[in-house]
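Here the structure is laid out as structure tokens; the discussion comes afterwards.
The values are calculated or read from the model by the stated rules, or taken from the named source; none is laboratory data. Since this is a predicted model, take the numbers as computed values, not measurements. Cβ coordinates were reconstructed from backbone atoms using ideal geometry, including for glycine residues, and neighbour counts include every protein chain displayed. For accessibility, only protein heavy atoms count, side chains too; no ligands or nucleic acids. Shrake-Rupley method; radii C 1.70, N 1.55, O 1.52, S 1.80 Å.
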Amino acid sequence: MTVAGVMKQFQVVGRRAATDDNPNPEAYRMIIFAPNAVIAKSKFWYYMHQFRKMKKTTGEILDCVELVEKNSRIVKNYGIWLRYSSRSGTHNMYREFRDVTLCGAVSQLYDEMAGRHRCRPRSIQIIRTATVAAKDLKRTNGMQFAQAKVKFPLPHRVVSAKRGQKALSDRTFTTVRPTTFFG
């Protein structure tokens, strides 16, 4: 599986194919993060084969729908429990991310696991996700942004009209260094 851009959240419902012995088999619902619906169905069968000894040839997909968050304008803290395979074995992990959507937090997770642990997307299994309140955060990186009076100073800025944009500046080279301190 490749991760190109933002991951999407899918709800996949499937069951074992109906037979004469069992005309109405039990249905299973799973929330899966994938780039598209085809990969979401494929991951559904991967997990169903692990947990319930069902395969694509012996089962059927009843429904596959993308889940979209209602309120994606507020920054929230997300906790993600995952399991991943490394070169030395299988590890459990808990990570926290700040994002406006859960899909954005999961995309950050895949990017960070690739960068920090050289982990391929196929070896990451998301066990559980939750929205975490600011008082319940465990990681210091998320705690520093979850305060009430957080400030983001802009100490050294370069005026964009003078540097790097030929359309706005009257000449390419200048004899004056840029002023970056606006104290």
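Whole number in Å², please: accessible area per residue of the range 26-109, 1.4 Å probe, ligands, DNA and RNA not counted.
Counting only protein heavy atoms, the per-residue value for the range 26-109 is 60 Å².
Please report, in debye to the nearest 20, how large the charge dipole of the chain is about its Cα centre when each Lys and Arg carries +1 at its beta carbon and each Asp and Glu carries -1 there.
Values: 33 positive and 13 negative charges, 181 e Å.
Dipole about the Cα centre, nearest 20: 860 debye.
Explain nothing, just the number: relative contact order of the chain, from Cα pairs under 8 Å at least 6 residues apart, as a whole percent.
Working: 264 pairs, mean separation 33.5, N = 183.
Contact order relative to length: 18 percent.
Projected onto the charge dipole of the chain (+1 at Lys/Arg Cβ, -1 at Asp/Glu Cβ, origin at the Cα centre), which of Val6, Ala40, Phe152 gives the Cα projection farthest towards the positive end?
The residue sitting farthest along the positive end of the dipole is Phe152.
Suppose the Debye formula is applied to equal point scatterers at every Cα of the range 1-83; what is log10 I(q)/I(0) at q = 0.12, 0.26 Å⁻¹?
Here the Debye-derived log intensity ratios amount to -0.43, -1.32.
Rounded to the nearest Å, what's the spacing between the alpha carbon centres of the range 95-127 and the range 1-54? Just the number, please.
That distance is 20 Å.
Of Ala34, Ala130, Ala18, which has the largest mean-square fluctuation in a 10 Å C-alpha GNM of the chain?
Sorting by GNM fluctuation, first place goes to Ala18.
Under a Cβ-Cβ cut-off of 9 Å, what is the net charge of the residues other than Trp81 that fall near it, where Lys and Arg count +1 and Asp and Glu count -1? Before the final figure, lay out each step's value.
Working: positive: Arg83, Arg95, Arg128; negative: none.
Neighbour charge sum, excluding Trp81 itself: +3.
For semi-axes √(5λ) of the Cα gyration tensor in Å, pick the label among [x] 45, 19, 13; [y] 33, 22, 18; [z] 46, 20, 17 that corresponds to the value derived from the coordinates.
Checked against the structure: label [z].
Taking amide hydrogens as modeled 1.01 Å from N in the peptide plane, which residues meet the under 5 Å criterion relative to Met7, leaving out close sequence neighbours?
Residues meeting the amide H criterion: Ser107.
Heavy atoms only, probe 1.4 Å: what % of the accessible area of the chain goes to carbon and sulfur, would you let me know? Kindly include the intermediate steps, with their values, before the conclusion.
Details: 6770 of 13080 Å².
With neighbouring chains kept in place, the figure for the chain is 52 percent.
Residues of the range 38-52 with amide nitrogen under 15 Å from the 7 Å Cα-to-Cβ point of Asn92?
none
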